[in-house]
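**Student:** Attaching a single structure in structure tokens format; questions to follow.
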Amino acid sequence: MDFLANIVQQVLTVLYNFTESVGIPNLGLAIVLMTIIIKLIMYPLTQKQIQSTKAMMEIQPKMKALQEKYKDDKQRLNMELANLYKSEGVNPLAGCLPLLIQMPIMIGIFYGIRDYNYAAHPEIVTSFLWLADISKADPTYLLPVLSALTTFIQTKQTMPANGGGAQNKMMMYFMPLFIGYISLTFPAGLVLYWVVMNIMQIAQQSIMNRAAAK
């Protein structure tokens, strides 16, 4: 992951130089620009992943009914599940490939921002909006709150109309709280990346939902 982290840090430096060239040198702004660029590049993959995840959640009640009905006959259960996937037009593996492609990129971004060598670039402006230094945790806790809130909204958007079962509902509340908690100690620049990525994800999901409604 050091290789990917180094690439992320180089991209950040290039984008920082860009902000400097337009008269607004700021590493926080460079992180926002990088997040937007990455999100646009990964848009098709994210779209496929969202569609597959939502489709699987929609048919979970039917899957559970089959699992209960054929709990003593694994062979019949597998056959009935395969028929269910076919009739519903769902591929249970469709969301895996996009996720596998995105995960190394996301991990590289995580380490790239977290381990950015701020001391080696004392000339870089690390203040951003209300943050005095994005290399340190947000002392106001506003970014951790935003990370939890945007994660909740994003998770709720992907939930089917029927709620997707008790387990999915539990995850809808647990994950935002977990993300908010760990964000308390992360560098503000990393949490800023997460919040901006979530906001763009929410916008993408809204566009997809409206398109599906039409």
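Yes or no, residue by residue, for (1) modelled with pLDDT under 85; (2) over 19 Å from the mean Cα position of the chain (by Cα); (3) buried (at least 18 other Cβ atoms within 10 Å of the Cβ):
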| site | (1), (2), (3) |
| --- | --- |
| ASN17 | no, yes, no |
| ILE24 | no, yes, no |
| ILE37 | no, no, no |
| LEU40 | no, no, no |
| TYR43 | yes, no, no |
| THR46 | yes, no, yes |
| LYS54 | yes, no, yes |
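**Student:** Right, here's the next one. Starting from residues that are touching a residue at least 12 places away in the same chain (Cβ under 8 Å) and open to solvent by less than 70 Å² (accessible area, probe 1.4 Å), keep the ones in segment 56-75 and report whichever is farthest from VAL14 (Cα to Cα).
**Tutor:** Step by step, filter segment 56-75, then rank; the result is LEU66.
**Student:** Is it fair to say LEU184 is open to solvent by 50 Å² or more (accessible area, probe 1.4 Å), over 19 Å from TYR116 (Cα atoms), at pLDDT 85 or above and not β-branched (Val, Ile, Thr)?
**Tutor:** no
**Student:** Here is a further query. Could you tell me which numbered condition MET34 fails, if it satisfies all but one of (1) part of a helix (DSSP H, G or I); (2) over 21 Å from LEU129 (Cα atoms)?
**Tutor:** Status for MET34: all satisfied but (2).
**Student:** Across segment 1-55, what is the number of residues that are within 17 Å of GLN201 (Cβ to Cβ) and among the small types (Gly, Ala, Ser)?
**Tutor:** So the count comes out to 1.
**Student:** Additional query: Go through segment 116-158 and give me each residue that's at pLDDT 90 or above, closer than 28 Å to GLN10 by Cα and assigned to a loop (DSSP other than H, G, I, E, B).
**Tutor:** Hits for segment 116-158 are TRP130, ASP138, PRO139.
**Student:** Can you name every residue in segment 133-156 that is touching a Ser or Thr at 6+ places or on another chain (Cβ under 8 Å) and open to solvent by 30 Å² or more (accessible area, probe 1.4 Å)?
**Tutor:** ASP133, SER135, ALA137
**Student:** Oh, and also: GLN10 fails exactly one of the following numbered conditions: (1) surrounded by fewer than 17 Cβ atoms within 10 Å (Cβ to Cβ); (2) over 17 Å from SER135 (Cα atoms); (3) not basic (Lys, Arg). What is the number of that condition?
**Tutor:** If we test GLN10 against (1) surrounded by fewer than 17 Cβ atoms within 10 Å (Cβ to Cβ); (2) over 17 Å from SER135 (Cα atoms); (3) not basic (Lys, Arg), just (2) comes out false.
**Student:** Same structure again: Give the residues of segment 180-202 that are in contact (Cβ under 8 Å) with a residue 40 or more places away in the chain, more than 15 Å from the chain's Cα centre (by Cα) and assigned to a helix (DSSP H, G or I), sorted by residue number.
**Tutor:** ALA188, GLY189
**Student:** Next question. Quick check on my filter: what residues within segment 56-81 are modelled with pLDDT of 80 or more and acidic (Asp, Glu)?
**Tutor:** Those that are modelled with pLDDT of 80 or more and acidic (Asp, Glu): GLU68, GLU80.
**Student:** A follow-up question, please. In segment 18-33, which residues are in contact (Cβ under 8 Å) with a residue 12 or more places away in the chain and of a type outside the set (S, T, N, Q)?
**Tutor:** Hits for segment 18-33 are PHE18, PRO25, LEU27, GLY28, LEU29, ALA30, ILE31, VAL32, LEU33.
The values are calculated or read from the model by the stated rules, or taken from the named source; none is laboratory data. Here the structure is a predicted model, which is why all the values come from computation and not from measurement. Glycine also receives a Cβ, built like all others from the backbone with ideal geometry; neighbour counts cover every protein chain displayed. The area values use the complete protein model at the heavy-atom level, side chains included, leaving out ligands, DNA and RNA. Shrake-Rupley method; radii C 1.70, N 1.55, O 1.52, S 1.80 Å.
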